[in-house]
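Trainee: There's a structure below that I have some questions on.
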Ligand code: VG1
Ligand code: CO
């Protein structure tokens, strides 16, 4: 029976860069999750009978919300729910299922790289029929509905057992529990030359994939071990845990320090990789070298044609604005399109749907292609492996040759986490106030050539996203970008992105902190970071 339950609105259900993210106890307030899910349904033009994909990264509270979402789908007239076994689906696997099964959308439960557990973070995100995150027009509509919600609809009896594969009924709703890995692994096999990668692995090439006790464990084990023949211990921290083993499933130099240490050792593996909580991010580490995500986007774009799925070449590349311009140099040399979008995967969807771009990426360890509409950690690892299997060179050699051909964009991101929100907003406001007078100003040897607050007009639907980050560009093309994170759950996080192009191969072996020294100092002078936040050092440098 469908029951209508009275509820009262919360005023803070505005989705951020990637859905609604809050602390678990915040989500555990009465009806908090139900209100948001009902607001999603209320914002959609549902005719009845639609298919909905449901799954999450398995973090604490995942199961409860999956079961609730199934019962609410039954209460709101859906015809079929496709749910990952035990409520598990990586974000890219969910995107794939939405597309392959012709679903009208999907509900993905994740707070991505944020820590989990009873005091950790939780999140809910809605993806649309193309498999990608809902565009801003829809997230805005969801937020509007959440402000006035007065009831939600739910099927009264308990949801079916989601630990067993197969179909059951909940009223008129068919609930189909699927293997979270099978369809995704088949998709990967259709894109990459598994036989070539298998022979690379058989030649003694050693891989270390760190799943960080998050969702990619089963995906990496099935693909790297079962299908590509890597030894079982090639996948570490492979068992997903509700609290990610107490760790922070963010594949960066701080939280994946153990992986990096293994790859820096003389007798270490040849190739290291890690993914995040929900499996959409990737970190690539070669023997003795950490590949910066912006460089990885450029290298993958320049070499994608070596993999069967991209043998016809790529149509174009899109990168988020703060991502380094290394990919632009590839696009320019290859004569293909390059697009600069605001931060967040939702801005890539239209470009991918229109066939304008094939590969997209963000500096935050996200790369992906038109095979799904999310960034995809395991996909990036496999594309790297396919390239390595074709070129039979080390990661370091590939990077050095890439820089020699295209030049090197030295790059760093400095994060100041959990700073006072008023101080953070004050810093950004002050920057915006000074934009008009910035051009022509000199800081040491640097002269500002342009300064603006990034605004994006989507070339397909004409929608505009303003206020996406302050850019200070210097003559010669070096940049400092300031923006506030839209995924944090406590205080504010200031991200400062610093970039300098170096054409001279003799200088490509400099350490990024040396190559960027003057810009790093200038970022504090212009942004007044120390003065306004009281922080003398960033918490994380990536
Ligand atoms: C961060 C990253 C952004 C990414 C987003 C979601 O956003 O900077 O590039 O798309 O997280 O990634 P923000 O607003 O905190 O800078 V994930 O892996 O959370 O889905
Ligand atoms: Co993620």
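The values are calculated or read from the model by the stated rules, or taken from the named source; none is laboratory data. Quick caveat: nothing in here was measured; it's all calculated off a predicted structure. Note that each Cβ is placed from the backbone with ideal geometry, even for glycine, and that neighbours are counted across all protein chains shown.
Trainee: Do any residues in the stretch 371-396 that are farther than 18 Å from residue 211 by Cβ have Cβ atoms under 8 Å from those of residues that are part of a helix (DSSP H, G or I) and within 16 Å of ligand 2 (Cβ to nearest atom), where the two are at least six apart or on different chains, and which pairs are they?
Mentor: 371/96; 371/379; 372/92; 372/95; 372/96; 372/379; 373/95; 373/345
Trainee: May I ask you to verify whether residue 130 is buried (at least 20 other Cβ atoms within 10 Å of the Cβ), farther than 19 Å from residue 69 by Cβ and within 22 Å of the chain's Cα centre (by Cα)?
Mentor: Answer is no for this residue.
Trainee: Which of the residues that make up the stretch 94-119 are within 15 Å of ligand 2 (Cβ to nearest atom), crowded, with 23+ Cβ neighbours inside 10 Å and either within 19 Å of residue 22 (Cα to Cα) or assigned by TED's automatic domain parsing to the domain that holds residue 354 (or both)?
Mentor: Once the filter is applied, which keeps residues that are within 15 Å of ligand 2 (Cβ to nearest atom), crowded, with 23+ Cβ neighbours inside 10 Å and either within 19 Å of residue 22 (Cα to Cα) or assigned by TED's automatic domain parsing to the domain that holds residue 354 (or both), the stretch 94-119 yields 108, 109, 110, 111, 112, 113, 114, 116.
Trainee: All but one of (1) surrounded by fewer than 21 Cβ atoms within 10 Å (Cβ to Cβ); (2) in the same structural domain as residue 318 (by TED's automatic domain parsing) hold for residue 389, so report the exception by its number.
Mentor: So residue 389 meets the others, but not (1).
Residue by residue, here is whether (1) in contact (Cβ under 8 Å) with a residue 40 or more places away in the chain; (2) within 18 Å of residue 319 (Cα to Cα) holds:
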{"residue": "421", "(1), (2)": "yes, no"}
{"residue": "424", "(1), (2)": "yes, no"}
{"residue": "427", "(1), (2)": "yes, no"}
{"residue": "432", "(1), (2)": "no, no"}
{"residue": "435", "(1), (2)": "no, no"}
{"residue": "440", "(1), (2)": "no, no"}
{"residue": "446", "(1), (2)": "yes, no"}
{"residue": "453", "(1), (2)": "no, yes"}
{"residue": "460", "(1), (2)": "yes, yes"}
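Residues checked against (1) surrounded by 15 or more Cβ atoms within 10 Å (Cβ to Cβ); (2) closer than 30 Å to residue 124 by Cα; (3) away from ligand 1 (no atom under 16 Å from the Cβ):
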| site | (1), (2), (3) |
| --- | --- |
| 493 | yes, yes, no |
| 496 | yes, yes, no |
| 503 | no, no, yes |
| 516 | yes, no, yes |
| 520 | yes, no, yes |
| 523 | yes, no, yes |
| 529 | yes, no, yes |
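Trainee: Please go through the stretch 13-45 and pick out each residue that is farther than 26 Å from residue 129 by Cα and assigned to a loop (DSSP other than H, G, I, E, B).
Mentor: Hits for the stretch 13-45 are 28, 29, 30, 31.
Trainee: Further question: Tell me yes or no: at least one residue of the stretch 308-316 is within 15 Å of ligand 1 (Cβ to nearest atom), surrounded by 18 or more Cβ atoms within 10 Å (Cβ to Cβ), modelled with pLDDT of 95 or more and assigned by TED's automatic domain parsing to the domain that holds residue 381.
Mentor: no
Trainee: Determine if the stretch 73-88 includes at least one residue that is within 14 Å of ligand 2 (Cβ to nearest atom), in contact (Cβ under 8 Å) with a residue 12 or more places away in the chain and either in the same structural domain as residue 16 (by TED's automatic domain parsing) or surrounded by fewer than 24 Cβ atoms within 10 Å (Cβ to Cβ) (or both).
Mentor: There is no residue in the stretch 73-88 that is within 14 Å of ligand 2 (Cβ to nearest atom), in contact (Cβ under 8 Å) with a residue 12 or more places away in the chain and either in the same structural domain as residue 16 (by TED's automatic domain parsing) or surrounded by fewer than 24 Cβ atoms within 10 Å (Cβ to Cβ) (or both).
Trainee: Still on this structure: Quick one: in the stretch 10-29, of everything that is more than 22 Å from the chain's Cα centre (by Cα), more than 21 Å from residue 113 (Cβ to Cβ) and in contact (Cβ under 8 Å) with a residue 12 or more places away in the chain, which residue is surrounded by the most Cβ atoms within 10 Å (Cβ to Cβ)?
Mentor: 10
Trainee: Turning to a different aspect of this structure: Considering every residue within the stretch 321-341, establish whether at least one is assigned by TED's automatic domain parsing to the domain that holds residue 393, within 18 Å of residue 454 (Cβ to Cβ), part of a helix (DSSP H, G or I) and modelled with pLDDT of 95 or more.
Mentor: Scanning the stretch 321-341 turns up at least one residue that is assigned by TED's automatic domain parsing to the domain that holds residue 393, within 18 Å of residue 454 (Cβ to Cβ), part of a helix (DSSP H, G or I) and modelled with pLDDT of 95 or more.
This table checks each residue for (1) under 27 Å from the mean Cα position of the chain (by Cα); (2) surrounded by 21 or more Cβ atoms within 10 Å (Cβ to Cβ); (3) assigned by TED's automatic domain parsing to the domain that holds residue 309.
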{"site": "374", "(1), (2), (3)": "yes, yes, yes"}
{"site": "425", "(1), (2), (3)": "yes, no, no"}
{"site": "430", "(1), (2), (3)": "no, no, no"}
{"site": "444", "(1), (2), (3)": "no, no, no"}
{"site": "472", "(1), (2), (3)": "yes, yes, no"}
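Trainee: Follow-up question, since we're still on this one. Residues in the stretch 248-300 that are surrounded by fewer than 24 Cβ atoms within 10 Å (Cβ to Cβ), assigned to a strand (DSSP E or B) and within 16 Å of ligand 2 (Cβ to nearest atom): how many?
Mentor: Adding up the residues that qualify gives 0.
Results for (1) more than 14 Å from ligand 1 (Cβ to nearest atom); (2) within 20 Å of the chain's Cα centre (by Cα), shown as yes or no for each residue.
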{"residue": "231", "(1), (2)": "yes, no"}
{"residue": "247", "(1), (2)": "yes, yes"}
{"residue": "251", "(1), (2)": "no, yes"}
{"residue": "257", "(1), (2)": "yes, yes"}
{"residue": "261", "(1), (2)": "yes, no"}
{"residue": "276", "(1), (2)": "no, yes"}
{"residue": "282", "(1), (2)": "no, yes"}
{"residue": "285", "(1), (2)": "yes, yes"}
{"residue": "302", "(1), (2)": "yes, no"}
